[in-house]
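*Asks:* What follows is a single structure, and I will ask about it in a moment.
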Amino acid sequence: MGAAGTVRLVDYSPWPFELPTVELDVQIQSDHVSVTSQLQLEPRQPGQALVLQGVDLQLESISIDQTPLNKDQWVLDQSTLTIAQPPDQPFVLTTRCRLHPDSNRSLEGLYASEGMLTTQCEAEGFRRIAFHPDRPDVLSRWTVRLEADQARFPVLLSNGNGISIPVEAEGRHAMRWIDPSRKPSYLFALVAGQLSEIRDEYRTASGRSVALRLHVEPGDESYTAHAMASLKRSMEWDERVYQLEYDLDEYNIVAVRHFNMGAMENKSLNIFNSKLVLADAETATDGELERVESVIAHEYFHNWTGNRITCRDWFQLSLKEGLTVFRDQSFTADLHSAAVKRIEDVAMLRNTQFREDAGPTAHPVKPSEYQAIDNFYTTTIYEKGAEVIRMLHTLLGEERFMRGIAEYVRRFDGTAATTEDFVESIAAGATQDGEPLGFDLDQFRGWYHQAGTPLLSIDQRWDAERGEMVVSLQQSTAATPGQPVKTPMVLPVSMALIGSDGRLNEERLVVFDRESATVTLQAAPAAQAPALSVLRSFSAPVVLRQSRPLADTLLLLAADDDPFSRWDAAQSLYRDVLLARASDQPDQPKEAALIDALRQRLGALTAGHESELATLLGLPGLAELESLQSPADPPALYRAVMAFRERLAEELRDPLHQLLSAARVGWTQAWPAGQGHRQLTAVAWTWLAADDQEIRREALSAVSGPSMTLARAALRALQPVDCTERDEASRLFEQRWQHKPVILDAWFSMEASMPRSDALDHVRGLLQHPRFDPLAPNSLRAVLGGFTANTLAFHADDGSGYQFMAEQILDVDSRNPITASRMAKVFSRWKTYADDRSALMHQAIRSLADRGGELSANTQEVVTLLLS
Ligand code: PHE
Ligand code: ZN
């Protein structure tokens, strides 16, 4: 392990060699794998040393142009192989290495999962397979020969097009895979094992046939229809909306149980966490079905935004991730409800990205340095990166934005590009017709370089005489680590006036790019003052602080024509009443007004708007509430949420029951139909379960029913209620799904987050459960992530929850640094708590830091940031 040292963007220089082709010969033996690699190398100038990366590789032979090298011609250390004086003319370097995938627990490089062999190379995993520059700006044509025992590894996959080739040895077989497109090493993949194949076909817009192949463990075949349909929808959407067609003859997706992340876009051979492939109505919730669809789309969209145009270096990570998230968000919005999708994405942004941006691990969308690149697969790179692209889209409009995308593809297809290249291309494409851009591009680039969430403050003054709303805007961004001074950002601020009759008056997109400004909006003639609706559709990723009369908020909640703004009006009221309760000063008038407004919304439900109503009834997340409280007090917030929910149930009992009766018609409809009804059912159950045994019985019976959405809604509704139905529901679910690890993980998570006085012991018990797999990041996240969501237990006053997590992180770190360092971020808010709590959490972080050299470089980096 050991420290990785700091990598800096300013130090970038191109690799001194070209590497036109890579040839791999992979021999899978019973107790090891032998990899022979042939790199065709062409020095750009004479006299350059050749430095290749290699980690945990057992080097068995090394030669140049078939001649073995002498011991004094090369130097090997922990992570590099150096040949100080390679030939000045093109040459072929051949190395043979021995690997031990069975003992590789890091889930990086080549490793074993449930008897199959699989790879994960992004970001720097290829160096665990063969000596190679292993950097994304080195593009090559790859040929791979795979040979293995026919019975144990009947399926042998890699990138590109495969053909079976003859083998002499008895009982063995081989495949040759040729990938016609040039690609960097992080997109390399191989899979070997006993897998069942589900095959389909897609005909592209230009009429080519693409073989679609899904590979799953035998027994899981029947859960693949949704994934396959999602893939076809993605291909069709990218052709229709972006005019981008698939470029190879086949597209493979493999489902793997042991995987650190969601999925990986390896060229023509995507590897997926099995939970993101195996899903139907009986085994997955509606939310999970939508997530499977969107991740399939995400990885597919990477074929253009990521693979054909890749990143010059890892500082450009958001070039592919931000853009591809933006694309998958647009895809889901198009296929389902754009309004609900936007609401869900913003709720998630506020609870995860804003939290990151306000803490010790805050970093820009384009960082300028890092230690472990794995630590930078963050919500800032992904989701804030997507927001930055969304702002370009908002500022330019669909047509000009799409011209920009076309220009980007035209300029950079087949190359490794930078975020700068992207922004330049968008601007060039958008202004092709001579129309000016409409904002300062230089200043807009600040979104890539400045960390922290801008605070946008809005004050309004109604001039009744003139019928004008005078709006003053201010922006500021708090200092973040390493960036004490901040400058104003380009903020697209969408505004409108909503008349007291609910009619939309003037609507305008204001480009606010200074510290302060004033904007005047003209109202339609009316007796009463209109309400100001700002940041419609969440037009910029900022924290909004707005002084606004309660009556205006209520008007927007009821009548704003922008569904996001209706939702956000309700959110602002929830936030206010919950924060007031958490500090023991309930705001009775506001609660009463909010409950009245909700009652009206419940009564006014029209068909087709069920999901939207369900999102309106969703309370803000604890993470978001914590960020608005100083010092933050998670247990107090948790209690406030629970108590307010009780009040909601009491006051809205009748309409909730009516809602529930109406919602039942949707229970059995096939996703996406019926989704809104099921969401409303979940809300009604959750609010009513505490003191309504009828409801608890109804929920309990859903656990054995045909809909996973309802079963999980039932578990969630019963979770906080200490009752026999809860125990029974848990037992039934566990029994029913004990042989399906992907599904049982949801049970582990419910159990770990269950509020109970012996929660910590209960969680320790789960870690010993016969079905708990400590090598599967999904299971770790279920139990340990579940525990950190168990607010009262994780934040126990004696610090036992923090200590427990520190111990667990240490344990996971010894085998899987990538997962451990992500988990260590649960401590990132320690400075925002009151003294006692802060000291206890600090102690837990220190106990990690004290292990010094034992920690992986990944976890070391996070711990150091937390303590800085
Ligand atoms: N590149 C993957 C994606 O977002 C995520 C990933 C990163 C997977 C690193 C594995 C390792 O689509
Ligand atoms: Zn991605």
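The values are calculated or read from the model by the stated rules, or taken from the named source; none is laboratory data. Computed from a predicted structure; not experimentally measured. So basically every Cβ, Gly included, is an ideal-geometry build from the backbone, and we count neighbours across all protein chains shown. Just the protein is used for accessible areas: all its heavy atoms, side chains included, with ligands, DNA and RNA removed. Shrake-Rupley method; radii C 1.70, N 1.55, O 1.52, S 1.80 Å.
*Asks:* For the stretch 46-85 and the stretch 406-462, compute the distance between their C-alpha centroids and round to whole Å.
*Replies:* Result: 43 Å between the Cα centres.
*Asks:* Next question. Using only helices, what value at 222 nm comes out for the chain when you add -39,500 (n - 2.57) per DSSP H run of length 4 or more and divide by the total residues, to the nearest 500 deg cm²/dmol? Before the final figure, lay out the partial values.
*Replies:* Working: 28 runs with 330 residues, N = 868.
Theoretical 222 nm ellipticity from helices: -11500 deg cm²/dmol.
*Asks:* Give the calculated FRET efficiency between Ser63 and Asp584 to the nearest 0.05, with a Förster radius of 60 Å applied to their Cβ-Cβ distance. Walk me through the numbers on the way to the answer.
*Replies:* Working: r = 76 Å, r/R0 = 1.26.
E between Ser63 and Asp584, to the nearest 0.05, is 0.20.
*Asks:* Follow-up. If I model a spin label at Ala84 and Arg731 as a point 7 Å from the Cα along the Cα→Cβ vector, what separation in nanometres do I get?
*Replies:* Computed distance between label sites Ala84 and Arg731 equals 7.4 nm.
*Asks:* Between the alpha-carbon centers of the stretch 704-763 and the stretch 362-386, tell me the distance in whole angstrom.
*Replies:* Answer, in whole Å: 35.
*Asks:* Ordered by packing density, taken as the mean number of other Cβ atoms within 10 Å over each peptide's residues, highest first, how do 252-261, 61-70, 507-516 rank?
*Replies:* Numbers: 252-261: 22.8, 61-70: 12.4, 507-516: 15.0.
Put in order of decreasing packing, that is 252-261, 507-516, 61-70.
*Asks:* Now for a different question. Between Val485 and His32, take the C-beta separation as r, use R0 = 56 Å, and let me know the FRET efficiency to the nearest 0.05.
*Replies:* 0.55
*Asks:* At 7 Å along the Cα-to-beta-carbon direction for both Arg575 and Arg410, put a label point, then send me their distance in nm to one decimal.
*Replies:* The two pseudo-label positions are separated by 4.3 nm.
*Asks:* Right, here's the next one. Between Gln669 and Ser868, how many nm apart are label points set 7 Å from Cα along the C-beta direction?
*Replies:* A separation of 5.2 nm, rounded to one decimal place.
*Asks:* Here's a follow-up. Tell me, in nm to one decimal, what length is gained between Glu201 and Glu245 on full extension, where the rule is 0.36 nm per residue of separation less the Cα-Cα distance? Please report the intermediate quantities before stating the final value.
*Replies:* Details: separation 44, 0.36 × 44 = 15.84 nm, distance 1.45 nm.
This chain segment gains 14.4 nm when fully extended.
*Asks:* Related question: Mark the label point 7 Å from the Cα of Leu437 along Cα→Cβ and return the residues of the stretch 308-334 whose backbone N is within less than 20 Å of it.
*Replies:* Output list for this probe position: 316, 318-320, 322-323.
*Asks:* If you scale each eigenvalue of the Cα gyration tensor by 5 and take the root, what three semi-axes come out for the chain, rounded to whole angstrom and sorted largest first? Please report the intermediate quantities before stating the final value.
*Replies:* On the way: eigenvalues 422, 212, 147 Å².
Working from the Cα gyration tensor, I get semi-axes of 46, 33, 27 Å.
*Asks:* Using 0.36 nm per residue, how much length does the chain from Arg152 to Ser457 gain when fully extended, once their Cα-Cα distance is taken away? It would help to have the intermediate numbers written out before the result.
*Replies:* Numbers: separation 305, 0.36 × 305 = 109.80 nm, distance 6.34 nm.
Value of the extension gain: 103.5 nm.
*Asks:* How much accessible area does Tyr202 have with a 1.4 Å probe, in Å² rounded to the nearest 10?
*Replies:* Approximately 20 Å² of Tyr202 is accessible to the 1.4 Å probe.
*Asks:* Over the stretch 1-58, what percent of the accessible surface lies on carbon and sulfur atoms, probe 1.4 Å? Display every interim value, and only then the final one.
*Replies:* Working: 1340 of 2950 Å².
Of all accessible area on the stretch 1-58, carbon and sulfur atoms account for 46 percent.
*Asks:* Rounded to whole Å, give me the distance from the Cα center of the stretch 590-647 to that of the stretch 532-574.
*Replies:* Cα centroid of the stretch 590-647 versus Cα centroid of the stretch 532-574: 14 Å apart.
*Asks:* Give me the accessible area of Cys723, 1.4 Å probe, in Å² rounded to the nearest 10.
*Replies:* Approximately 20 Å² of Cys723 is accessible to the 1.4 Å probe.
*Asks:* Starting from the stretch 183-247, pick out the trypsin sites (Lys or Arg not before Pro) whose DSSP state is loop and whose Cβ has at most 13 other Cβ atoms within 10 Å.
*Replies:* Details: sites: Arg199, Arg203, Arg208, Arg213, Lys232, Arg233, Arg240; in loops: Arg208.
Sites meeting the loop and neighbour criteria: Arg208.
*Asks:* Let me ask something else. Compute the length gained on full extension between Arg508 and Cys723: take 0.36 nm times their separation in residues and subtract their Cα-Cα distance, giving the result in nm to one decimal.
*Replies:* Details: separation 215, 0.36 × 215 = 77.40 nm, distance 5.30 nm.
Gain on stretching Arg508 to Cys723: 72.1 nm.
*Asks:* I've got another one for you. Can you give me the % of accessible surface on the stretch 282-411 that is carbon or sulfur? Probe 1.4 Å, all protein chains present, nothing else counted.
*Replies:* 50 percent
*Asks:* To continue, here is another question. Here is the link list: Lys267/Lys384; Lys183/Lys320; Lys366/Lys825; Lys320/Lys384; Lys384/Lys486. Which ones come out longer than 23 Å on Cα distance? Present the calculation step by step, with values, prior to reporting the outcome.
*Replies:* Working: Lys267/Lys384 25 Å; Lys183/Lys320 14 Å; Lys366/Lys825 20 Å; Lys320/Lys384 13 Å; Lys384/Lys486 17 Å.
Too far apart for the 23 Å limit: Lys267/Lys384.
*Asks:* Between the helical axis of 708-718 and the dominant principal axis of the chain, each derived from Cα atoms, what acute angle in degrees is found, rounded to the nearest 10?
*Replies:* With rounding to tens, the tilt is 60 degrees.
*Asks:* Run the accessible area of the stretch 791-868 with a 1.4 Å probe and give the carbon-and-sulfur part as a rounded percent. Intermediate results must be reported in sequence, preceding the final value.
*Replies:* On the way: 1470 of 2950 Å².
Solvent-exposed carbon and sulfur of the stretch 791-868 make up 50 percent of the total.
*Asks:* Another question, if that's okay. Calculate, for Ala643 and Gln693, the FRET efficiency according to 1/(1 + (r/R0)^6) with r their C-beta to C-beta distance and R0 22 Å; round to the nearest 0.05. Spell out each step's value before the answer.
*Replies:* On the way: r = 21 Å, r/R0 = 0.96.
Once rounded, the FRET efficiency stands at 0.55.
*Asks:* Based on the alpha-carbon set only, what is the convex hull volume of the stretch 49-195 divided per residue, in Å³?
*Replies:* Details: hull volume 19.4 nm³, N = 147.
Considering the Cα atoms of the stretch 49-195, their hull volume per residue is 132 Å³.
*Asks:* Another question, if that's okay. Looking at the chain only, what percent of DSSP beta bridges run antiparallel? Nearest 5 please.
*Replies:* Details: 99 of 124 bridges.
Among the beta bridges of the chain, antiparallel pairing accounts for roughly 80 percent.
*Asks:* Another question, then. Any chance you could give the angle, 0 to 90 degrees and rounded to 10, that helix 634-651 forms with the longest Cα principal axis of the chain?
*Replies:* That works out to roughly 50 degrees.
*Asks:* At 1.4 Å probe radius, can you tell me the per residue accessible area of the chain in Å²? Each step should come with its number before you reach the end.
*Replies:* Numbers: 33370 Å² over 868 residues.
Spelled out: the 1.4 Å probe surface of the chain, per residue, equals 38 Å².
*Asks:* Moving on. Could you report the accessible area of Tyr638 in Å², rounded to 10, computed with a 1.4 Å probe on the protein chains as they sit in the structure?
*Replies:* Counting only protein heavy atoms, Tyr638 exposes about 50 Å² to solvent.
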